[in-house]
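K.L.:
I'd like to ask some things about the structure below.
The values are calculated or read from the model by the stated rules, or taken from the named source; none is laboratory data. If you're wondering where the values come from, they're calculated on a predicted model, not measured in any experiment. Every residue, glycine among them, receives a Cβ derived from its backbone with ideal geometry; neighbour counts consider all protein chains shown. Protein only, heavy atoms only, side chains kept; ligands, DNA and RNA dropped before computing areas. Shrake-Rupley method; radii C 1.70, N 1.55, O 1.52, S 1.80 Å.
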Amino acid sequence: MSIIQDVLIIVLAFWMVIDQQGPVITTWFPVIVAMIAGFILGDIQTAMVIGGTFQLMALGVANIGGSSVPNYGLAALVGVYVAVRTTGNIVDAKAAALAVGVPVGMLGIQLDVLGKILTNPLAHKAQQYARDGQYKRMNRTILLAPVLFGLTTAIPTALFVIFGKPIVTFILEVLPKWFTNGLSIAGGILPVVGIGILISMMPIQKHLMYLIIGFVAAAYLKMPMMGVALIGAAVAYNFFVQKVAADKNVSTVGATEANIEDGDFDE
Amino acid sequence: MSNEQQEKHLTKKDIRRTALRWQFMTSNAYNYESQQAAGVVFSLSKALRKIYKDDEAGYKSSLDNHFKFFNTTGPAASLILGATLAMEDREGKKAQPAVQSLKTGLMGPLAGVGDTIFWVLIPTVFGSIAAYMGLQGNPTGAIIWLLVNIAVFLFRIKIFEWGYATGTRLVTDLGSKLNAFTEAASIMGLTVIGALIPSVIKMNLATTFATGKVTMSVQKDILDAIMPSLLPAVLTYIVYRIVRTNKLSISKIIWLLIGFSLVLSYFGILKP
């Protein structure tokens, strides 16, 4: 039974990165990966707590435009695995998951870069096959690339599945309390990175007030996230309708220089 | 539409199959030099073979054309690739230069829209909801997100079909509305991000203040009285400024914050 679980965890690690770069259904986002891992290991509750912790760190840290970012999905997967297998309670599980997951997630950056370098000769080879008219070989060569990417996450996971238990028990026994506490604190602080990146990608100068609205709703009114998302959706919908109407009016005016049907736009 | 008189080689089934191939491949053959190009070739090769059935040279030059640099958000690429496939289906080899310029012309602007919606908005909204429920040990939020992803996946296949059905027209028609949509989406995003700051970032000062008999907790009695989540808000601003300057890589910022947490933990200034 536990061997089947181990194999499934490694398969999940292999699939995770391929899904993230393709269909984006199970993705490598920590909560979803953790949920599937928890299902495999038969402890969804612990898995969700760990997945939620890593998900908060991962918010906003997206690999846009081919950039490499910490693989928090891999962090969550390895974290959930070692936590469920080596610890008996949620507090220890979280400490173990953070102690193992954070460095593994950071290692994910290097592995991703390595993958994207190794696929380069594959593309050249495939193009050569195309020129030679060997189209089947061309497609088979291209298919090696996802296999390569799958291995970048499957191999580190496999190492933890095979050698993980002694490493983690050792880590938890040897590491001082302030160190594991520090990692928990880092877990609480690190989401700031994603949020900082998100804000810098948004038209913040123009729309600062919506950031403040969201902040007030959560900090002062203690509104749950879904409620804030609904406020955001309402405001965004209103903006969209007004903007489309305004654009339409502008272009109608530009084309015919007359006939403003509804004149209640204010630009 | 007067395009119908031209001979077409692809059936609806071919289009759907090509769309599926693209959804599964997207960035899975990514490399630093030509980026998604090999994935594009893999996805379109079967359909192109059908278009250039008796034209070996045309097929080869088409593949060569698609081996050129290409990179944009998956769903946006669905629209572009659907449209270019329609062009090659109608015009054959003649369309190849236009295909190349359409691809390079649209991948930039559509990546901006696509990234905002598919990599920022959806993961931020559903990710934070799922994370919150997750911290309570509840998988409901994660399941909702999974269902949303399935819906988006089906939608992406539809986008490919739209792209094929309307060729280049759709993209230009949507142009002005897409901008308004992106801006509206970022408004929603900013509202959610504003709420994320106090609910996601946790910083607890362990320090207390003793004056005579009264002990004051710095966190509870001073900071929280000024503004709830003051420290997270300040830290967000600092990190935002660092990110803006582009001087430190993201992973350096992360390492710095981990070090910062360990130091503060060691001296007992912050508690978990």
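K.L.:
Can you pull out the GluC sites (Glu not before Pro) in the range B:5-98 whose DSSP state is coil and whose Cβ has at most 10 other Cβ atoms within 10 Å? Don't jump to the answer; show the numbers that get you there.
P.N.:
Values: sites: B:Glu7, B:Glu33, B:Glu56, B:Glu88, B:Glu91; in loops: B:Glu7, B:Glu33.
Qualifying residues, ordered by number: B:Glu7.
K.L.:
What does the charge dipole of chain B about its Cα centre add up to, to the nearest 20 debye, if the Cβ of each Lys and Arg holds +1 and the Cβ of each Asp and Glu holds -1? List each step's numbers first, then the result.
P.N.:
Details: 28 positive and 17 negative charges, 66 e Å.
Dipole of chain B, to the nearest 20 debye: 320 debye.
K.L.:
Also: Please work out whether the range B:12-197 counts as rounded, prolate or oblate from its C-alpha gyration tensor, where a ≥ b ≥ c are the square roots of the eigenvalues and a/c under 1.5 means rounded, while otherwise a/b larger than b/c means prolate and anything else oblate? Mind showing how you got there, number by number?
P.N.:
On the way: a/c = 2.42, a/b = 1.96, b/c = 1.24.
In terms of gyration-tensor shape, prolate.
K.L.:
Of the cross-linked pairs A:Lys206/B:Lys247; B:Lys46/B:Lys158; A:Lys136/B:Lys53; B:Lys8/B:Lys177, which ones have a Cα-Cα span greater than 27 Å in the structure shown? Walk me through the intermediate numbers first.
P.N.:
Details: A:Lys206/B:Lys247 24 Å; B:Lys46/B:Lys158 19 Å; A:Lys136/B:Lys53 15 Å; B:Lys8/B:Lys177 31 Å.
Pairs exceeding 27 Å: B:Lys8/B:Lys177.
K.L.:
How big is the dipole moment of chain A about its Cα centre under a simple scheme where the beta carbon of each Lys and Arg is +1, that of each Asp and Glu is -1, and everything else is neutral? Debye, nearest 20, please.
P.N.:
Values: 14 positive and 14 negative charges, 223 e Å.
Taking the Cα centre of chain A as origin, the dipole is about 1060 debye.
K.L.:
Quick check on chain A: helices-only [θ] at 222 nm, where DSSP H runs of length 4 and up contribute -39,500 (n - 2.57) each and the sum goes over total residues. Nearest 500, please.
P.N.:
Working: 10 runs with 216 residues, N = 267.
Result for chain A: -28000 deg cm²/dmol, rounded to the nearest 500.
K.L.:
Could you tell me how many degrees, from 0 to 90 and to the nearest 10, lie between the Cα long axis of helix B:56-66 and the main elongation axis, the longest principal axis, of the Cα atoms of chain B?
P.N.:
So the inclination is approximately 20 degrees.
K.L.:
Under 27 Å from the Cα of B:Lys220, which lysines turn up, not counting those fewer than eight places away in the same chain?
P.N.:
Counting by Cα, and skipping residues close in sequence, B:Lys220 has these lysines nearby: A:Lys94, A:Lys177, A:Lys222, B:Lys202, B:Lys271.
K.L.:
How big is the dipole moment of the protein assembly as shown about its Cα centre under a simple scheme where the beta carbon of each Lys and Arg is +1, that of each Asp and Glu is -1, and everything else is neutral? Debye, nearest 20, please. Each step should come with its number before you reach the end.
P.N.:
Numbers: 42 positive and 31 negative charges, 239 e Å.
That gives the protein assembly as shown a dipole magnitude of about 1140 debye.
K.L.:
Once you've got the GNM for chain A with C-alpha springs shorter than 10 Å, pick whichever of A:Thr141, A:Thr86, A:Thr152 has the biggest mean-square fluctuation.
P.N.:
Its mean-square fluctuation being the largest, the pick is A:Thr141.
K.L.:
Work out which trypsin sites (Lys or Arg not before Pro) in chain B are exposed loop sites (DSSP not H, G, I, E or B, at most 15 other Cβ within 10 Å) and give the longest gap free of them.
P.N.:
With trypsin sites (Lys or Arg not before Pro) excluded where exposed in loops, chain B gives B:69-212 as its longest stretch.
K.L.:
Between A:Leu114 and B:Thr215, what FRET efficiency follows from the Cβ-Cβ distance if R0 is 41 Å, with the result rounded to 0.05?
P.N.:
On the way: r = 53 Å, r/R0 = 1.30.
Once rounded, the FRET efficiency stands at 0.15.
K.L.:
Right, something else. Farthest toward the dipole's positive end in the protein assembly as shown, which of A:Tyr237, A:Tyr210, B:Ala47, given Cβ charges of +1 (Lys, Arg) and -1 (Asp, Glu) about the Cα centre?
P.N.:
Farthest towards the positive end: B:Ala47.
K.L.:
Right, something else. Measuring with a 1.4 Å probe in the full set of protein chains, what accessible area per residue, in whole Å², belongs to the protein assembly as shown?
P.N.:
Working: 23930 Å² over 539 residues.
For the protein assembly as shown, the per-residue accessible area is 44 Å².
K.L.:
While we're on this one: Across 20 Å bins from the origin, how do the percents of Cα pairs in the protein assembly as shown run, short distances first?
P.N.:
The calculated distribution, bin by bin, is 21, 49, 26, 4, 0.
K.L.:
Now for a different question. Taking chymotrypsin sites (Phe, Trp or Tyr not before Pro) that fall in a DSSP loop and have at most 16 other Cβ atoms within 10 Å as cut points, what is the longest piece of chain B between them? Provide the component values of the computation, followed by the final result.
P.N.:
Working: sites that count: B:Tyr32, B:Phe69, B:Phe267.
Longest site-free region, per DSSP loop and neighbour criteria: B:70-266.
K.L.:
Okay, next question. At 1.4 Å probe size, with the rest of the protein present, what percent of the exposed accessible area of the range B:218-269 is carbon and sulfur atoms? List each step's numbers first, then the result.
P.N.:
Details: 2090 of 3120 Å².
Carbon with sulfur: 67 percent of the solvent-accessible area.
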